[in-house]
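What follows is calculated from the coordinates using simple rules that are stated; it is not laboratory data. Values in this document were obtained by computation on a predicted structure and should not be read as measured data. Here the Cβ positions follow ideal geometry from the backbone for every residue, glycine too, while neighbour counts run over all protein chains shown.
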Amino acid sequence: MKRTLVKFRNSDFRQFITRHQKYAPILFFIGGFIFDTLTLGRIDRIYDISVLCLHMTSLTITLYLFNIMEDGKLRNTIFERFEPYFPLAIQFFFGGLSSAYVVYFSRSVSLSKTITFFIILVLLLFANELLKKRISNKYLQFTVYFFISFTFFTFMLPVLFKEMNTAMFIISGLVSLGSTLTLIIFIYSRSQSTRLEINLAKLLGMVFIIYGTINVFYFFNMIPPVPLAMETGLVAHSIEIKNNKYEVSYERDEWYVFWRQHNSVFTHHPGENVYVFSSIFAPTDLKKAISHRWGWLNPDTNTWEIFDDIGFEMTGGRDNGFRGYTFKNNVKDGTWKVEVITEEGLVLGVIDFEIKTSASDPPIRMITRKF
């Protein structure tokens, strides 16, 4: 056993980690992020569920081992040889679980939600780099763990129970809160070094503040309605259904406008219908009522006026998303937006465009795509 430990301590990999220990945690965080980005696809696949559950379980176990190792409880055990790698493993699982959220919702055309979470990831990276003790800081460990745990359960439980609503979000939050508090109290009771380093009331207060903040964000529609995601959203001149395919004809934008498929200016002919098409990813067998809310910006008052709220039912499971469309005939010139929302009023995405009516100008860059 001793010979094995000596060989391990003298290994090239350990020496490399020792030389670059300042940057190793960040690299492992990014490594976990990249790993999930390349391997994850659908949240309802057995592979994806297994990977995420393995990440969450491994993170919890590693966090426990990391916090008791300072008390010497891992001496003469199989875990002793891996002690230097516990912080790196924690970083890897943090990065992997964080990236899962981005992977599943980067498909959504509502980019603001994805960007919001990217900002949170950047803040996590900076917080981790700027804190002197980095991941060894126990306040950082447990607050980030709770944030990751909350995110994990909010899209995992709806997949498992085929239900997605406000009650399921609240249940997911309570499960995450309960499991995090259990882990904190368990480690606190077993680790003397943890008791000396942290103020339990302060740490629990930080966790409850994060819990309250996420709930406020949810009820003000500031986070995505996980695990739903809008994959495609565009305004079109015509839509036909042939052989279970939606043939959508629309004006495409310039080639360099990569964040939007349709032209932001819709060339409207008098009497012509204006169609809005959307495809929404949802896990298999998850059923949900979706609406297209048509709004027009009144230039006199600079306020949005709601013209129509047209709903339809959707069932999840299709790789390219559940497809649906609505249309209007009596439209005004000006700025329009169509919000794709759930029955709880949570916004999946926004399709915005400007209507300009012309009896002679033809649509530009017209294409027809099958969905």
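Numbers for the structure displayed
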read-out: Sparse-neighbourhood loop sites, GluC sites (Glu not before Pro) in the range 165-268 - DSSP loop, at most 13 other Cβ within 10 angstrom; value: 254
read-out: Cross-link pairs 328/356; 73/138; 287/332 - those with Cα-Cα distance over 22 Å; value: 287/332
read-out: Relative packing of 208-217, 88-97, 155-164, which averages over residues the other C-beta atoms within 10 Å, highest first; value: 88-97, 155-164, 208-217
read-out: Anchor residue 162: aspartates and glutamates whose Cα lies under 19 Å away (excluding residues fewer than 8 positions away in-chain); value: 44, 48, 285, 313, 319, 343, 344
read-out: Residues 69, 168 arranged by fewest to most Cβ contacts within 10 Å; value: 168, 69
read-out: Neighbour-count ranking [beta-carbon atoms within 10 angstrom, fewest first] of 104, 85; value: 85, 104
read-out: Virtual spin-label span in nm between residue 82 and residue 309, 7 Å along Cα→Cβ; value: 5.2 nm
read-out: Percent RCO, i.e. relative contact order, over the range 197-279, from Cα pairs under 8 Å lying at least 6 residues apart; value: 30 percent
